[in-house]
Amino acid sequence: MKKILFIMLVCCFPLISIAQTSLNGFYIGLEEMCSTDSAGLKECYTDPGHPERKWYHLTQMTIHGDSIFWDQSPISVYKKDTLHSASDGAFFYYKGAFNRNKDLLTINFTEISCDYCATEVITQSDGAEVEVKRTRQLVATVTNKGILINGYLFTKRKPKRFQ
């Protein structure tokens, strides 16, 4: 009986391991550069000099175990032309963790840094000012094509290496 139980555990262990790590990897996707105001209206970033261009954050997402890293760079797109911005739209860097329930992921992020970003600051009772770190919670769906977040598909890729 002990041998049978041992064999069952040994046989099932690789399946458990595969299920837990199947999302590991590097993903690329887009996120619109929009915000929602207090009235619930969606406002998207536009460049007055080029109003035909649509702005996104090109997002590189790395998953390892239950940890997730999210790096965003601003780009603008018009038809098949993509421009990478040096400063418009900010460069966000987040880290976090996710919980998986079948094909649904609940992702909790905390900003670790941001270049060209406005910073929210609160004044404490002693007069000291403290930066408020941005946090985000996203719900994603795992599909056979990748991970769907806010209507945008993040596809698994091999990370590019600099030589």
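Taken together, the values in this text are just the output of simple stated rules run on the coordinates, not laboratory data. Model, not experiment: these values are computed from the prediction. Positions of Cβ are backbone-derived with ideal geometry, glycine not excepted, and every protein chain shown enters the neighbour counts.
Kindly provide the GluC sites (Glu not before Pro) of the stretch 67-163 that DSSP labels as loop, not H, G, I, E or B, and whose Cβ sees at most 12 other Cβ atoms within 10 Å.
Sites meeting the loop and neighbour criteria: GLU120.
Provide TYR56, TYR116 in ascending order of the number of other Cβ atoms located within 10 Å of each residue's Cβ, fewest first.
TYR116, TYR56
Going by C-beta contacts inside 10 Å, put CYS114, CYS44 in order with the fewest on the left. If you can, show how the numbers build up before the last one.
Details: CYS114 16, CYS44 11.
In increasing order of surrounding Cβ atoms, one gets CYS44, CYS114.
Which trypsin sites (Lys or Arg not before Pro) in the stretch 116-146 sit in a loop by DSSP (not H, G, I, E or B) and have at most 12 other Cβ atoms within 10 Å of their own Cβ?
Details: sites: LYS133, ARG134, ARG136, LYS145; in loops: LYS133, ARG134, LYS145.
Sites meeting the loop and neighbour criteria: LYS145.
Would you mind checking the tilt of helix 2-21 against the longest principal axis of the Cα atoms of the chain, expressed as 0 to 90 degrees and rounded to 10?
So the inclination is approximately 20 degrees.
When a/c is below 1.5 the answer is rounded, else prolate if a/b is larger than b/c, else oblate, so apply that to the stretch 25-157 with a ≥ b ≥ c taken from the square roots of the Cα gyration tensor eigenvalues.
oblate
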